[in-house]
């Protein structure tokens with residue numbers, strides 16, 4: 001199977017939705033079964049500079065929301081250079097991208113107009129497809145607690161607000177998003193996502 005031009009796929013969802021596992025499994029399938037070149041990157045991170053910023057964000061959980069937002073944006077700006085270097089990939093999969101910033105930082109109190117203004121100036125590459133794993137916040141928290149993940153921002157009201165903003169994003173760009181039930185088996189979700197990703201790429205060369 002021969003493709004041209006990178007397709008950018010972002011995987012989104014609230015904490016506990018299983019998006020990181022799904023991203024890894026999608027990449028594994030595309031590489032193993034279709035012999036495609038598929039870098040998997042994460043936000044914040046991906047680049048050396050982005051990973052350094054990620055460490056700051058992880059080690060300073062009580063940063064002012066706007067300060068955290070600006071750090072996320074700085075990491076994203078560095079990621080654009082990395083995406084440019086991967087332009088000849090078949091796909092690039094992103095474990096979170098700017099939709100996460102809209103959801104999490106706006107829910108934390110960052111003004112929407114600031115997020116929109118900065119994001120427009122930072123983002124060069126927009127997703128061709130965004131996969132959103134939807135899950136009830138109550139169940140997401142149960143999963144996180146079972147995993148021993150107890151970050152301070154993981155409270156029910158906050159995750160509800162984050163999910164609501166994600167839904168607003170989906171309503172604004174319904175053609176970009178595919179929404180899946182995160183309670184389905186990871187194998188079924190992987191199969192459905194791989195099918196849709198390959199269809200997207202095939203459409204671009206027809």
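Data table
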| quantity | calculated |
| --- | --- |
| Any hit, the stretch 110-125, residues being under 21 Å from residue 51 (Cβ atoms), surrounded by fewer than 22 Cβ atoms within 10 Å (Cβ to Cβ) and touching a strand residue (DSSP E or B) at 6+ places or on another chain (Cβ under 8 Å) | yes |
| The stretch 170-184: number of residues that are surrounded by 14 or more Cβ atoms within 10 Å (Cβ to Cβ) and either in a helix (DSSP H, G or I) or without any contact (Cβ under 8 Å) to a residue 24 or more places away in the chain (or both) | 1 |
| Condition check for residue 14: under 21 Å from residue 112 (Cβ atoms) and modelled with pLDDT of 95 or more | yes |
| Odd one out for residue 187, checked against (1) touching a helix residue (DSSP H, G or I) at 6+ places or on another chain (Cβ under 9 Å); (2) under 27 Å from residue 75 (Cβ atoms); (3) part of a helix (DSSP H, G or I) | (2) |
| Flag if residue 21 is touching a residue at least 60 places away in the same chain (Cβ under 8 Å) and surrounded by 14 or more Cβ atoms within 10 Å (Cβ to Cβ) | yes |
| Qualifying residues in the stretch 68-82 (those that are over 25 Å from residue 177 (Cα atoms) and touching a residue at least 40 places away in the same chain (Cβ under 8 Å)) - the one surrounded by the fewest Cβ atoms within 10 Å (Cβ to Cβ) | 70 |
| Every residue from the stretch 118-163 that is more than 25 Å from residue 60 (Cα to Cα), without any contact (Cβ under 8 Å) to a residue 12 or more places away in the chain and part of a helix (DSSP H, G or I) | 120, 121 |
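Okay, residues lined up against (1) in contact with a helix residue (DSSP H, G or I) (Cβ under 9 Å, 6 or more places away or on another chain); (2) buried (at least 22 other Cβ atoms within 10 Å of the Cβ); (3) farther than 21 Å from residue 118 by Cα:
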{"site": "8", "(1), (2), (3)": "yes, no, no"}
{"site": "26", "(1), (2), (3)": "yes, yes, yes"}
{"site": "47", "(1), (2), (3)": "yes, no, no"}
{"site": "66", "(1), (2), (3)": "yes, no, no"}
{"site": "84", "(1), (2), (3)": "no, no, no"}
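The values are calculated or read from the model by the stated rules, or taken from the named source; none is laboratory data. Since we're looking at a predicted model, the values are computed, not measured. Glycine also receives a Cβ, built like all others from the backbone with ideal geometry; neighbour counts cover every protein chain displayed.
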